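> Structure in structure tokens, see below.
The values are calculated or read from the model by the stated rules, or taken from the named source; none is laboratory data. Owing to the predicted nature of the structure, the values given are computational and were not obtained by experimental measurement. Cβ placement follows ideal geometry from the backbone for every residue including glycine, while neighbour counts extend to all protein chains displayed. Ligands, DNA and RNA are excluded from the accessible area calculation, which covers all protein heavy atoms including side chains. Shrake-Rupley method; radii C 1.70, N 1.55, O 1.52, S 1.80 Å.
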Amino acid sequence: MTDHRHGSEPGHGDSAGAAGHAHPTVKTYTGIALLLFAITALEVWFSVAPFLQPPDRRPLMIFLLLAAATIKFAIVVGWFMHLKFDAPVYRRLFVAPLVVTILAEGVVVWLTQIHLRA
Amino acid sequence: MSNSPRPVRNVAAAVATSLLAALAGCMGDAPQSTLHKNSDLADMTWGVYMLVTWITLAVGVVVFALLAYVVFRFRDRGEEGIPEQVHGNTRLEIAWTLVPLALVVAMAIPTVRTIFAAAAPAPEGAVKIKAVGKQWWWEFEYPELGVTTANEVHIPAGVPVAFEIVSADVIHSLWLPQFGGKRDAVPGRTNHLTFTARDTGNFVGQCAEYCGDSHALMKLRLVVQEEADFQRWVQEQKAPAQGDLVASGKPGPKAFLEGGCIACHQVRGNPIAAGRIGPDLTHVASRGTIGSGILDNDAESMRRWLRDPEGVKPGSLMKLPHKLSEQEVETLTQYLLELK
Amino acid sequence: MSATPLTAHPAHAPPAAAPSGIWDWITTVDHKKIGLMYGVTAYGFFLLGGIEALVIRAQLVKPQSELVSAQFFNALFTMHATTMVFLAVMPLSAAFFNYIVPLQIGARDVAFPRLNAFSYWLFLLGGLLINLSFLLGFPPDGGWFAYASLSERMYSHSPAMDYWVVGLLVLGTASLAAGVNFIVTILNMRAPGMTMMRMPVFVWMTLVVQFLVVLSFPIITVGLIELLLDRTVGTNFFLPLHGGDPLLWQHLFWLFGHPEVYILILPAMGMVSEVLPTFSRKPLFGAPFVVFSGILIGFLGFGVWSHHMFTAGLGPVADAAFSATTMLIGVPTGVKIFNWIATMWGGRLRFTTAMLFSVGFIALFTIGGLSGIMHASPPIDLHQQDSYFVVAHIHYVLFGGAIMGLFSGIYYWFPKVTGRLLDEGLGKVHFTLQFVALNIAFFPMHFLGVDGMPRRVFTYDEADGWHLWNLVSTVGAWMIPIGLLVFMYNVWWSARRGPRAGDDPWDGASLEWAISSPPPVHNFDAIPNVPSDRPLWDQKYGDATLGLDRRDPHIHLPPNSYRPLIAAAGVTTVFGAFLIRGHDIYRHLLDAPGSTIQSIPFSSLFLATVATGVIVLLYGLYTWFFEPVE
Amino acid sequence: MTTMTETSPATAAARAMLPEHGTSLGVPNLKLAFWTFLGSECFFFGTLVATYLSYRGKSLTGPYPADVFNFAVTSISSFVLLMSSYLMVLALAAVQRGDRGKTLAWLFGTALFGLIFLGFQAFEFTEFYAKGLTLQKNLFGTTFFVMTGFHGAHVAVGVLWLLSLFVVAWVKGIPREKALNVEVAGLYWHFVDIVWIVIFTVVYLIPDPSKGA
């Protein structure tokens, strides 16, 4: 990684000064892939595990599934897409819209569930 | 009539009323004016309406005064050099952030209070009316009274009425300006409008949500009556129509039967005239208007309507099986005007 | 004004083997030419939308008027709004983004010049496609908001609304591409030294607008695709018959639609924030406040959409919440108005035409903003919603606001673009006529709304009592084109005979006044080194100097390309194929009224058109990407 | 990592060394544009998911999700797409190392995994259709097919993109200084993957409240 001219490497640019970051290596990626596999397996298990099937455990199941999905999402974005290591501007450009989307669309879903005194 | 206004608000409201009435006076009499109020709901919103109107007017006056002063005072008079380069003044800017914020809060509090007050469920004993928006007319059903009518809704004064507003096709909006604003008729949903009317009389309203070709012609009448008159009206409406279409042998019922009118229209008392697509005609002659409030209910209007519904109401869904002859028009007109 | 180091002289122009004539305009990737094309095209659509408005007003001049049919009237107000929003005000603003922003940030072009051309061509084709409906006899008539279920096939059998949906999909794609392009341009193409807080306020507002475009257009794109599928494939997104909810369309439309309102107004606010300081000869008062309030307005814009739905029955909690957020937006807006007035305070105000339009903007926008506060309160909105009061409000905001601001921008930057000054005398006549006319046209609409006149009615009755103010409003509306004629004559005359402007006719503060008028094709002989937020002003009156960034002596301009036009044609063809589908369905429904959409086979013409569009698009994209740019 | 330590201040140096003249943020335009586009895509898929969730459990007739879902098949295809992201980072690393052979292998592998995912989706759609679920049948069919269909279309565009890069790499190779082109394709590919992470959880794993089997 000696050639910096084209800015294709992670950590290029404004954040390049933060050389302390350990850039992911192929070995790291393999570990991440295994982790993703494990979480996916866990997710599938959550959705069939007997102790989560009773109706009163549904909220717990949904929480666990959403938590697992969030972790997978964060791992892919953070490591595979280098967002954790790249210039901060990328993070702002992606995370801010993501948050606004979740909030606004969440309110839309909530509002479509309202049927007043029908 | 829900709250007794304080003196200050009274005066302000009076001034506002006279000011707006003066403006309204310029344009003659507008029966659908939002400034006429004839229900507790309209009174309830009136306080907020006036408060916000006054605050915004006051802000407008301040801004315009400032703008006029600045434009006049600081115009270039050909002085030498450049003016002092002021980049800003944080204290001033915080001030004119906080003042609007305070005004917003002042408007938001009564607003929120009114929203929740107006959303209260209908009290016991309210007259229930189901208002169905259709392209392009209104059907009113009194489920507890067994009455169905079209485009003309009667309510008793001093008694709460609870409208359930639904739609049969596209989105409409039931707008009764004098009674506290409008509510949409959304297909698949039920909206509610509850109020108690004050004065008796005839009032007009209109569909407010664009709903297709003849949106402009989707008007309605609201008749506020004394309780006793209202009960009498209910009894009249509940009665079946006079005469039997088949047995009477008269030309009118015959034309109604053979002209295909029964496919869409109901004339109660006649099981074969049970169509629900068009307005219920059992007591059509008792109504003040036809064509959803756009024509006076007289022989001339009826002829006009029967000759060419599409011409009176563009896009009208009243498709005649064939163009009616003048003879048929006359016969049907006579028959319909008998359906008191 | 003496020439500055950045002024280009003809001798410096790089040897360009550029094509000439019409081919040059078709293949250009120069942001200035594209800006001009946006401006001219959008102005044409502005006139078209204006003619539609004049017919609307003519119909309403008296009760029971029979000038146009109900159906045509409904098409007129639908197309008037659609045209003005998407084909006039947005692209007129885009004309300024294109022409001015690169100059103000000290860039030679936008980040992706060919993508920029692609955006323009998509805009043009989308605009033509949507107006093709008039020629074919199916003008859209479902309202510019296209509320389901009226916009569904069941209630709009003809292909009219297909034109609307397809046209907006094409226009949306154009806006998205342009949005990404300008975000990158502004974030990444600034001259050295131009930090974010040194950017002119117009650039800031452009940036906010582009974020609103990039984030809100996907929402309406999905909504439009869902509506299109309902109409052409028979899905159930907004049809209550199968449990679909028409209000979902309203949520999606307004979740896009409210940011769209700020997309329309913020550019004008940016222009006014350039014009007022220049002609007050002072800096913008509290520029960071103005910038942050612009950002705040943009951000809050995503949290207020349901105030368009207070009558729809969302319940008191939602109504209260959206009422509060909507009123909150009044605060940053108010801050801007006070900052503009404070900018003029203590200045030496030169009332050029540009300045007059900016001052007019403040006055008229204030009226529109205050009436907006009124219907932010649901109890009041239940009176005003869908009445002429709201028509008055949006015209004060969009005509009194956006259009006045845009004219201010035209008078302000015309000398930069053409090298000649517009005639000030004619300009003042234009301003006076327009200011007076639009108040006569739009102020009475407040009274009509208070008097209970609903919007979108093609007729009314003598007994309704609305005729006087309708008459006044129509007279005002018909006066507006007089001012525009004066303006057009002024442009036509001044562009050829007007006095030479020189580089810096207004004693400006920002970078575009440091280069020649009109700017050379490469904008800057050398990229400046920006020392302050008012670089040129500080060079003239302060102690700062506009340094030159000598690190990049090569002037490299991308060559012309027709690939963007090909790609745009491909995209338009793919979407346009659905018009064929719409016509097919309509024909079938006429032949066999009982048939359902899914029982109607996809015609080979439809499939062939889709395939052609995809092939053309891929051809355009591949040759685009492998086209040499050296 | 030599140049950054030699020159200072870092931003000015980075700007001076970039092709064209330097960029203000010291990052390449293309990548900046792409992240902006991905922010926009968040809203695109966010709206599709919101539509699905708005109508979740509101279908008036079957087939309901429980009637059609084949859990094992979808889990496998989800896993394939997830692993294609892994191959994608390997491909990018290979390009950045200048390892042409591995570049070709991993690019092709990624595209192949994408194709396998599309194959599973085609199989799934056919199965559902056979079980009576169509676009027009009910709200579930409408929202499910349109949302997953648009995701599938994104995967297809990605496959086309990767295969194009593969051909370029095959014919003339992708030099290290052009690695950005692969990186951007990778960002797109990973994004398509994370969208599926959301869809897999929301649509398949969380039980649908509809009645039915």
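> Scan the range B:111-133 and give yes if some residue there is hydroxyl-bearing (Ser, Thr, Tyr) and at the interface with chain C (Cβ under 8 Å from one of its Cβ atoms), otherwise no.
yes
> For the range C:420-440, indicate whether the set of residues that are within 14 Å of chain B (Cβ to nearest Cβ), open to solvent by 10 Å² or more (accessible area, probe 1.4 Å), assigned to a helix (DSSP H, G or I) and more than 27 Å from residue C:517 (Cα to Cα) is non-empty.
Yes: the range C:420-440 contains one or more residues that are within 14 Å of chain B (Cβ to nearest Cβ), open to solvent by 10 Å² or more (accessible area, probe 1.4 Å), assigned to a helix (DSSP H, G or I) and more than 27 Å from residue C:517 (Cα to Cα).
Yes/no matrix, rows are residues, columns are (1) open to solvent by 30 Å² or more (accessible area, probe 1.4 Å); (2) more than 25 Å from residue B:204 (Cα to Cα); (3) of a type outside the set (A, V, I, L, M, F, W, C); (4) more than 24 Å from the chain's Cα centre (by Cα):
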site	(1), (2), (3), (4)
B:296	yes, no, yes, no
B:307	yes, yes, yes, yes
B:313	no, no, yes, no
B:320	yes, yes, no, yes
B:329	no, yes, no, yes
B:336	no, no, no, yes
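> Can you pull out the residues in the range C:216-249 that are more than 14 Å from chain B (Cβ to nearest Cβ) and either open to solvent by 20 Å² or more (accessible area, probe 1.4 Å) or assigned to a loop (DSSP other than H, G, I, E, B) (or both)?
Residues satisfying the conditions are C:221, C:225, C:229, C:233, C:234, C:235.
> Give the range C:250-261 a look and list any residue that's out of contact with any Ser or Thr (no Cβ under 9 Å at 6 or more places or on another chain) and away from chain B (no Cβ under 14 Å), or say none.
Of everything in the range C:250-261, just one residue is out of contact with any Ser or Thr (no Cβ under 9 Å at 6 or more places or on another chain) and away from chain B (no Cβ under 14 Å), namely C:261.
> Tell me, which strands (runs of 3 or more DSSP E) lie completely within the range B:115-165 with 2 or more residues that are open to solvent by 30 Å² or more (accessible area, probe 1.4 Å)?
Answer list for the range B:115-165: B:127-134.
> While we're looking at this one, here's another question. Spot the failing condition for residue B:48; the list is (1) open to solvent by less than 40 Å² (accessible area, probe 1.4 Å); (2) within 7 Å of another protein chain (Cβ to nearest Cβ); (3) over 20 Å from residue C:328 (Cβ atoms), and only one is missed.
Just one mismatch for residue B:48, condition (3).
> Also, I was wondering about something else. Looking only at the range A:69-92, count every residue that is more than 7 Å from every other protein chain (Cβ to nearest Cβ), part of a helix (DSSP H, G or I) and open to solvent by less than 80 Å² (accessible area, probe 1.4 Å) and tell me the total.
5
> What single numbered condition from (1) of a type in the set (D, E, K, R); (2) closer than 30 Å to residue B:87 by Cβ; (3) surrounded by 17 or more Cβ atoms within 10 Å (Cβ to Cβ) fails to hold for residue C:525?
So the condition that residue C:525 fails would be (2).
> What are the residues in the range C:488-517 that are in contact (Cβ under 8 Å) with a residue 24 or more places away in the chain, open to solvent by 10 Å² or more (accessible area, probe 1.4 Å) and of a type in the set (A, V, I, L, M, F, W, C), if any?
Of everything in the range C:488-517, those that are in contact (Cβ under 8 Å) with a residue 24 or more places away in the chain, open to solvent by 10 Å² or more (accessible area, probe 1.4 Å) and of a type in the set (A, V, I, L, M, F, W, C) turn out to be C:491, C:493, C:495, C:501, C:506, C:509.
Conditions (1) open to solvent by less than 50 Å² (accessible area, probe 1.4 Å); (2) of a type in the set (Val, Ile, Thr); (3) part of a helix (DSSP H, G or I); (4) more than 9 Å from chain D (Cβ to nearest Cβ), marked per residue:
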{"position": "A:32", "(1), (2), (3), (4)": "yes, yes, yes, no"}
{"position": "A:37", "(1), (2), (3), (4)": "no, no, yes, no"}
{"position": "A:45", "(1), (2), (3), (4)": "no, no, yes, yes"}
{"position": "A:57", "(1), (2), (3), (4)": "no, no, yes, yes"}
{"position": "A:67", "(1), (2), (3), (4)": "yes, no, yes, yes"}
{"position": "A:94", "(1), (2), (3), (4)": "yes, no, yes, no"}
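> Any idea how many residues of the range C:220-236 are of a type in the set (S, T, N, Q) and touching a residue at least 24 places away in the same chain (Cβ under 8 Å)?
The total comes to 2.
> Of all residues in the range C:507-527 being among the acidic types (Asp, Glu) and in a loop (DSSP other than H, G, I, E, B), which is modelled with the lowest pLDDT?
Only one residue tops the list, namely C:525.
> When you check residue B:255 against the structure, is it among the aliphatic types (A, V, I, L, M) and open to solvent by 40 Å² or more (accessible area, probe 1.4 Å), yes or no?
Here the answer is no, as residue B:255 does not meet what is asked.
> Return a yes/no flag: does the range C:599-613 have any residue that is within 13 Å of another protein chain (Cβ to nearest Cβ), polar (S, T, N, Q) and exposed (fewer than 13 other Cβ atoms within 10 Å of the Cβ).
Checking the range C:599-613: at least one residue is within 13 Å of another protein chain (Cβ to nearest Cβ), polar (S, T, N, Q) and exposed (fewer than 13 other Cβ atoms within 10 Å of the Cβ).
> Does the range C:122-155 hold any residues that are away from chain B (no Cβ under 14 Å) and open to solvent by 30 Å² or more (accessible area, probe 1.4 Å), and which are they?
C:124, C:125, C:128, C:132, C:134, C:135, C:136, C:137, C:138
> Which of the residues belonging to the range C:274-295 are open to solvent by 20 Å² or more (accessible area, probe 1.4 Å) and facing chain B (nearest Cβ under 9 Å)?
Result: C:281, C:287, C:288, C:289.
> Condition first: within 9 Å of chain C (Cβ to nearest Cβ) and either at pLDDT 95 or above or within 30 Å of residue B:328 (Cβ to Cβ) (or both). Can you find one or more residues in the range B:219-229 that meet it?
Yes, the range B:219-229 contains a residue that is within 9 Å of chain C (Cβ to nearest Cβ) and either at pLDDT 95 or above or within 30 Å of residue B:328 (Cβ to Cβ) (or both).
> Scan the range C:191-210 for residues that are modelled with pLDDT under 95 and open to solvent by less than 20 Å² (accessible area, probe 1.4 Å) and jot them down.
C:191, C:192, C:194
> Out of B:282, B:289, report the one residue that is under 16 Å from residue B:333 (Cβ atoms), polar (S, T, N, Q) and buried (at least 18 other Cβ atoms within 10 Å of the Cβ).
B:289
> Going by what's in this entry, would residue D:160 be described as of a type in the set (A, V, I, L, M), closer than 25 Å to residue D:43 by Cα and touching a Ser or Thr at 6+ places or on another chain (Cβ under 7 Å)?
Here the answer is no, as residue D:160 does not meet what is asked.
> Something else: Could you grab me the full set of residues in the range B:67-96 that are under 45 Å from the mean Cα position of the chain (by Cα) and surrounded by fewer than 17 Cβ atoms within 10 Å (Cβ to Cβ)?
Across the range B:67-96, the qualifying residues are B:68, B:69, B:94, B:95.
> Here are some residues: D:137, D:172, D:131. Which one is surrounded by fewer than 17 Cβ atoms within 10 Å (Cβ to Cβ), touching a residue at least 24 places away in the same chain (Cβ under 8 Å), more than 14 Å from chain A (Cβ to nearest Cβ) and charged (D, E, K, R)?
Checking each option against the conditions leaves just D:131.
> Please work out which one of (1) closer than 28 Å to residue C:424 by Cβ; (2) at the interface with another protein chain (Cβ under 7 Å from one of its Cβ atoms) is the condition residue C:450 fails and give its number.
Failing condition for residue C:450: (1).
> Among the residues of the range C:411-431, write down those that are of a type outside the set (Ser, Thr, Tyr) and free of Cβ contacts under 8 Å to residues at least 60 places away in the same chain.
C:425, C:429
> Across the range C:528-546, what is the number of residues that are at pLDDT below 85 and buried (at least 18 other Cβ atoms within 10 Å of the Cβ)?
1
> Oh, and also: Looking at the range C:319-331, can you tell me whether even one residue there is touching an Asp or Glu at 6+ places or on another chain (Cβ under 8 Å) and in a helix (DSSP H, G or I)?
No, the conditions are met nowhere in the range C:319-331.
> Also, quick follow-up: If you go through the range D:22-48, how many residues are within 7 Å of chain A (Cβ to nearest Cβ), in contact (Cβ under 8 Å) with a residue 24 or more places away in the chain and open to solvent by 10 Å² or more (accessible area, probe 1.4 Å)?
Residues in the range D:22-48 being within 7 Å of chain A (Cβ to nearest Cβ), in contact (Cβ under 8 Å) with a residue 24 or more places away in the chain and open to solvent by 10 Å² or more (accessible area, probe 1.4 Å): 1 in total.
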